Amino acid sequence: MAMISTAGVCGDFGADRLSLVKRIREEVRRAAPAAADRELDRALAAIVRIPREEFVAPSDRAQAYADTPLPIGYDQTISDTYIVALTTAAARLPDHANVLDVGTGSGYQAAVLAELGAQVTSIEIVRPLADEARARLARLKYRQIDVRAGDGYAGAADRAPFDAIIVAAGAAAVPQPLLDQLKVGGRIVMPIGPSWASEQLLVLTKTDSNTFDRCSLGWTMYVPLTGQGARVPNASGLMDRKIRQCFGVSVAKPSFSRLKG
């Protein structure tokens, strides 16, 4: 197990960040030891450098490193850091990755990706959230993140192809434009299911231009994708339970996943 460097971990919340990443690693190890791998260590090393307190409301700064969702306005919340670490690790980013982040929210997920050296295109359908995230990320000097207001269903064809696509909202199926914009060998991490109460956090690896290998990180509950990719209201049904588990067991935590970046 790699040690997390304390270099660059400073400020009033430095100790809280270190404690947070240690808790996440231990939780993942208990759930699925195979998931506590080099990619998780890379994600946690990025997370420990990011001042999460800057991504929440001033009134919630004291709770920035608690295991609970926090409101960011417009009926959205900042994603639980456990899920951010898990999805980032599952994306298996290469060096200098080109990444699409659908559902910017506060911009926290995009910041984690940027800390890993990725060039990030982040799309948010709620324009005020997009504007706030863009200003926040600029203030924190994340120059390699392009925040756009719009419907993430369409992706960003002008920035494709992508090494990885992370979607922080659930749908019945992966939007076709996102499948098309992924590189062969790239990964999409997205919650998929007929309803928010019956979805799995899937990892789809593109094996050729029309073929994808699928595995599941486990059952989860996310905010729904809105816009063109929205599910039919009140849809019912069961998710495919035959999809293999990425690590043999469920790693996702449903109680913490109904969130947005």
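Some points to look at:
- The listed residues are G117, G105, and the only one of them that is on the phi > 0 side of the Ramachandran plot, in contact with a helix residue (DSSP H, G or I) (Cβ under 8 Å, 6 or more places away or on another chain), not in a helix (DSSP H, G or I) and not β-branched (V, I, T) turns out to be G105.
- Taken over the stretch 209-228, the criterion of being in contact with a strand residue (DSSP E or B) (Cβ under 6 Å, 6 or more places away or on another chain) and within 22 Å of P94 (Cα to Cα) is satisfied by F212, D213, R214, C215, S216, L217.
- Filtered residue count, the stretch 123-151, keeping only those that are in contact with a Gly (Cβ under 6 Å, 6 or more places away or on another chain) and under 11 Å from S106 (Cα atoms): 3
- P128 being of a type outside the set (D, E) and part of a helix (DSSP H, G or I): yes
- Looking only at the stretch 186-205, and only at residues there that are surrounded by fewer than 21 Cβ atoms within 10 Å (Cβ to Cβ) and either farther than 16 Å from T88 by Cα or among the basic types (K, R) (or both), the one that is modelled with the lowest pLDDT: W196
- Taken over the stretch 54-73, the criterion of being part of a loop (DSSP other than H, G, I, E, B) and loosely packed, with under 14 Cβ neighbours inside 10 Å is satisfied by A66, T68.
- When the stretch 224-235 is filtered for residues that are surrounded by fewer than 20 Cβ atoms within 10 Å (Cβ to Cβ), at pLDDT 85 or above and of a type outside the set (K, R), the ones remaining, listed by number, are P224, T226, G227, Q228, A230.
- Screening Y153 with (1) in a strand (DSSP E or B); (2) closer than 22 Å to T77 by Cα; (3) in contact (Cβ under 8 Å) with a residue 40 or more places away in the chain gives one miss only, at (1).
So that you can scan it fast, the table gives a plain yes or no per residue for (1) assigned to a strand (DSSP E or B); (2) polar (S, T, N, Q); (3) touching a residue at least 24 places away in the same chain (Cβ under 8 Å):
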{"residue": "D158", "(1), (2), (3)": "no, no, no"}
{"residue": "V174", "(1), (2), (3)": "no, no, yes"}
{"residue": "G185", "(1), (2), (3)": "yes, no, no"}
{"residue": "E199", "(1), (2), (3)": "yes, no, yes"}
{"residue": "K206", "(1), (2), (3)": "yes, no, yes"}
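- Considering (1) at pLDDT 90 or above; (2) closer than 24 Å to L129 by Cα, the lone condition that Y74 does not fulfil carries the number (1).
- Residue tally, condition buried (at least 20 other Cβ atoms within 10 Å of the Cβ) and among the hydroxyl-bearing types (S, T, Y), over the stretch 206-223: 3
- T87 meets all of the listed conditions (1) within 30 Å of F247 (Cα to Cα); (2) assigned to a helix (DSSP H, G or I); (3) out of contact with any strand residue (DSSP E or B) (no Cβ under 7 Å at 6 or more places or on another chain) but one, namely (3).
- Members of the stretch 30-48 found to be at pLDDT 95 or above, closer than 17 Å to D67 by Cα and in a helix (DSSP H, G or I), listed by number: L44, I47
- Taken as a whole, the stretch 136-147 holds at least one residue that is in a strand (DSSP E or B) and either surrounded by fewer than 23 Cβ atoms within 10 Å (Cβ to Cβ) or at positive phi (or both).
- The one condition from (1) touching a helix residue (DSSP H, G or I) at 6+ places or on another chain (Cβ under 9 Å); (2) surrounded by fewer than 16 Cβ atoms within 10 Å (Cβ to Cβ); (3) small (G, A, S) that G14 does not meet is (1).
The values are calculated or read from the model by the stated rules, or taken from the named source; none is laboratory data. Being a predicted model, the structure only gives us computed values, none of them experimental. FYI the Cβ positions are ideal-geometry reconstructions off the backbone, even for glycines, and counts take in every protein chain you see.
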